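Q: So that we are looking at the same thing, I have put the structure below in structure tokens.
The values are calculated or read from the model by the stated rules, or taken from the named source; none is laboratory data. Note that the structure is a prediction, hence the values are computed from the model and not measured. Here Cβ is always computed from backbone atoms with ideal geometry, including for glycine, and neighbour counts include all displayed protein chains. When the accessible area is computed, the model is the full protein with side chains, heavy atoms only, and any ligands, DNA or RNA have been set aside. Shrake-Rupley method; radii C 1.70, N 1.55, O 1.52, S 1.80 Å.
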Amino acid sequence: MRLDELPLRRTATVSTVDWETLRPAEARRLRELGFDAGVTIEALHVGPIGRDPIACRVGRMTIALRRTMAAAIHVDVAALA
Amino acid sequence: MNLSPLVALVGNPNAGKSALFNALTGARQKVGNYPGVTVERKSGRMALADGRPVELVDLPGTYSLDPASPDEAVTRDVLFGRQAGERLPSALLVVVDASNLDNHLRFTLQLIALGLPVVVALNMIDMAERDGLLIDTDALSRELGVPVIPTVAVRRRGIEDLRDALALLVGDGSGATLIRGGPPPEHDIVTLQRRARAIAIKATKQESVARRWSHVLDGVALHPVAGPILLATLLFVMFQGVFTWSEAPIAWIEQMFVALQDGITAALPAGFLRSLLVDGVIAGVGSVLGFLPLILILFFFILVLEASGYMVRAAFMMDRLMAGVGLSGRAFIPLLSSFACAIPGIMATRTIDDPKDRLTTILIAPLMTCSARLPVYAVIIAAFIPPRSVGPGIGLQGLVLFGLYVIGIVGAMLAALVFRRTIAKGESGGFMMELPKYQMPNWRDIAIGLMQRAWIFVRRAGTIIMGATVLLWALLSFPQAPEGVSQVRYSVAGRIADGLAVVLKPIGFNHEMSLAIIPAMAAREVAVSSLATVYSIEGGDDVQTERSLVGRLQGRWSLPTALAFLMWFVFAPQCLSTIAVIRRETNGWKWPLFSLAYLFGLAYLAAGITFWAATALGL
């Protein structure tokens with residue numbers, strides 16, 4: 001599943017990121033903000049128009065990013081307990 | 001020159017760096033610019049625990065040493081000792097957010113690797129504790145190999161400990177060198193991040209799940225329905241406040257300047273000097289300083305919204321709309337401020353990282369209907385638009401005023417679309433930002449921010465704007481008209497107006513209008529007083545009230561002419577202060593000149609089309 005398809009309030013783990021589809025500056029900033037394989041992520045809020053951008057929790061931070069960028073991030077939804 | 005040692009304050013955005021800077025330096029701050037770039041250099045003096053003075057410089061916040069914006073490039077270059085106009089720091093004061101250790105420690109590790117003496121301020125420790133985090137400061141210090149001081153900058157906790165720790169590290173300022181003597185090898189972010197995370201885990205003694213206030217608040221503030229309603233309400237209150245609260249102080253300032261003019265008129269004999277002082281200097285500077293209350297109130301709201309963490313949420317909600325014209329959510333606040341005055345709006349574009357986004361925002365900001373247009377709109381609408389009702393609760397006059405605002409916004413959006421495809425070509429900088437935790441603003445920090453904004457504005461009023469108004473005065477006062485001839489018409493400005501009138505005649509402007517827009521270059525609302533002057537001289541009486549101006553205009557202008565004049569003021573860059581700010585913020589004459597050309601071009605076209613269309617319709 002891609003991050004832009006992740007339902008709100010569902011915790012997931014980042015499996016892979018398609019770094020090559022992102023511009024180098026964007027890719028670097030994503031890494032700096034803590035996006036990486038294995039990181040726990042949760043989609044928290046979406047913008048009022050077109051559900052864009054997406055705000056998600058990564059580690060202890062809340063990061064807002066556009067859907068187009070979120071589409072490059074693949075996540076595994078945690079098994080429901 | 002005997003310079004005191006330099007300590008650089010550096011850290012991630014949202015680590016509370018500015019609050020710590022204010023706590024350490026108090027009001028003894030200097031705001032300048034790094035040479036050749038529009039990056040602010042904020043520095044201040046602080047005393048170490050042993051009494052030695054050091055200069056503390058607040059470097060722009062960044063996530064790493066790979067810059068993504070001109071601000072971040074300055075941070076890197078200062079730390080590498082290769083920034084023009086800055087000496088190599090003797091020590092670094094690294095600020096980290098205690099509740100966001102694993103992310104902030106990665107940058108800290110990069111900074112420690114530079115080899116300069118480092119003290120870490122473990123800031124906002126109170127909020128970390130509220131989040132249920134207990135951090136072992138000693139363990140963290142051992143892992144990092146540098147002193148770690150817990151602080152709460154907004155409450156001024158831990159400040160003395162920082163002075164102690166820095167006193168032990170800062171030498172006499174002569175021997176600052178980078179251990180490696182150059183930029184460090186390219187660090188792999190992922191490796192550094194893993195190390196940072198391992199250290200954060202070791203230093204965290206206890207982590208319990210606590211109620212997170214920010215998440216609760218965001219449930220409302222970012223709610224798809226409640227969020228936009230809250231934003232609209234806040235903006236409504238803000239604009240109401242800006243216009244109603246500023247009314248009285250603006251009147252005081254105007255009275256003060258009138259009193260000053262009267263005093264000088266009484267004290268000096270009539271002549272060149274008196275005219276220069278009264279009609280040139282005081283009238284000009286007074287008309288600009290009159291905006292100070294408005295600008296301060298607007299900035300007060302902006303600073304509070306920024307310090308509380310709400311501003312980023314507003315940008316979040318507006319991002320999609322702004323993306324439609326190739327901008328990002330970050331352009332929203334500067335453009336919004338421009339409805340009060342383009343000057344603070346353009347100054348606020350510094351928060352936009354992407355240089356092309358920023359340039360586009362600067363160029364379209366003057367199209368937002370600022371408060372100086374209102375006096376012009378009010379007089380023309382009162383004179384030419386009948387106070388008819390066009391629907392329940394909707395008056396025609398109000399509708400026209402609303403229409404002028406909408407034309408400005410639509411014009412700005414179209415201009416942005418064109419610019420993003422031509423002069424600011426390239427992909428949009430995108431939108432990716434951290435939503436910091438909500439925080440109660442510290443009023444002292446707000447006051448310091450307001451003082452700095454006010455000073456920048458006043459200094460400009462005292463230099464560039466005064467120069468321009470004196471020049472306009474001279475154009476209007478020379479050469480001296482012989483007895484019985486209108487000074488305004490006989491002056492250089494009058495003769496320029498003769499030339500202008502030829503150009504402006506096709507779009508329906510008469511000679512008086514051409515004359516009025518020359519002094520209105522200083523500020524738009526001057527058009528009203530200069531029209532009043534021109535028509536009162538012509539009419540032979542000296543009643544210069546707006547009411548009588550309305551009456552005079554009705555008899556002299558046709559409706560198409562009046563509409564063309566309104567449209568002219570939607571677009572025309574009749575504000576030298578704005579042009580001066582664009583020059584300052586873009587660091588050169590290219591973009592202010594471009595703004596003048598494109599806005600006057602649009603104004604001419606829009607006024608012309610309006611005039612021709614209205615004439616063809618037989619209005």
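Q: Given the structure, is B:P53 touching a Ser or Thr at 6+ places or on another chain (Cβ under 8 Å), more than 14 Å from every other protein chain (Cβ to nearest Cβ) and closer than 19 Å to B:G115 by Cα?
A: No: the conditions fail for B:P53.
Q: What is the one condition in (1) touching a residue at least 60 places away in the same chain (Cβ under 8 Å); (2) open to solvent by less than 30 Å² (accessible area, probe 1.4 Å) that B:K356 does not satisfy?
A: For B:K356, the exception is condition (2).
Q: In addition: Being surrounded by fewer than 19 Cβ atoms within 10 Å (Cβ to Cβ) and either small (G, A, S) or within 14 Å of chain A (Cβ to nearest Cβ) (or both) is the filter here, so list the residues in the range B:77-90 that pass it.
A: Within the range B:77-90, B:G81, B:A84, B:G85 meet the criteria.
Q: Another one. Go through the range B:312-353 and report how many residues are in contact with a helix residue (DSSP H, G or I) (Cβ under 7 Å, 6 or more places away or on another chain), open to solvent by 30 Å² or more (accessible area, probe 1.4 Å) and within 13 Å of chain A (Cβ to nearest Cβ).
A: Of the residues in that region, 2 qualify.
Q: Could you list, in sequence order, all residues of the range A:17-26 that are of a type in the set (A, V, I, L, M) and facing chain B (nearest Cβ under 7 Å)?
A: A:A25
Q: Also: Could you list all residues from the range B:104-126 that are within 11 Å of chain A (Cβ to nearest Cβ) and open to solvent by 10 Å² or more (accessible area, probe 1.4 Å)?
A: B:Q110 - this is the single residue of the range B:104-126 that is within 11 Å of chain A (Cβ to nearest Cβ) and open to solvent by 10 Å² or more (accessible area, probe 1.4 Å).
Q: Please report, ordered by residue number, the strands (runs of 3 or more DSSP E) entirely within the range B:1-50 with at least 2 residues that are in contact with a strand residue (DSSP E or B) (Cβ under 7 Å, 6 or more places away or on another chain) and open to solvent by 10 Å² or more (accessible area, probe 1.4 Å).
A: B:29-33, B:40-47
Q: Which condition from (1) surrounded by 13 or more Cβ atoms within 10 Å (Cβ to Cβ); (2) not in a helix (DSSP H, G or I) is the one that B:V285 breaks?
A: (2)
Q: May I pose another question? Check whether at least one residue in the range B:232-255 is outside the structural domain of B:E143 (by the TED database) and within 30 Å of B:I135 (Cβ to Cβ), and report yes or no.
A: no
Q: Go through (1) within 14 Å of chain A (Cβ to nearest Cβ); (2) assigned to a helix (DSSP H, G or I) and name the single condition B:H223 misses.
A: Failing condition for B:H223: (2).
Q: Mind listing whichever residues of the range B:108-124 are in contact with a Lys or Arg (Cβ under 8 Å, 6 or more places away or on another chain) and either of a type in the set (F, W, Y) or assigned to a helix (DSSP H, G or I) (or both)?
A: B:L109
Okay, residues lined up against (1) more than 10 Å from every other protein chain (Cβ to nearest Cβ); (2) touching a helix residue (DSSP H, G or I) at 6+ places or on another chain (Cβ under 7 Å); (3) assigned to a strand (DSSP E or B):
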| residue | (1), (2), (3) |
| --- | --- |
| A:S15 | yes, no, yes |
| A:R28 | no, no, no |
| A:A37 | no, no, no |
| A:P53 | no, yes, yes |
| A:I63 | no, no, yes |
| A:M69 | no, yes, no |
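Q: Out of B:A121, B:A84, B:A73, I need the residue that is assigned by the TED database to the domain that holds B:A198, hydrophobic (A, V, I, L, M, F, W, C) and touching a residue at least 60 places away in the same chain (Cβ under 8 Å). Which one?
A: B:A121
Q: Could you please find all residues in the range B:418-431 being surrounded by fewer than 20 Cβ atoms within 10 Å (Cβ to Cβ) and within 14 Å of chain A (Cβ to nearest Cβ)?
A: Of everything in the range B:418-431, those that are surrounded by fewer than 20 Cβ atoms within 10 Å (Cβ to Cβ) and within 14 Å of chain A (Cβ to nearest Cβ) turn out to be B:G426, B:E427, B:S428.
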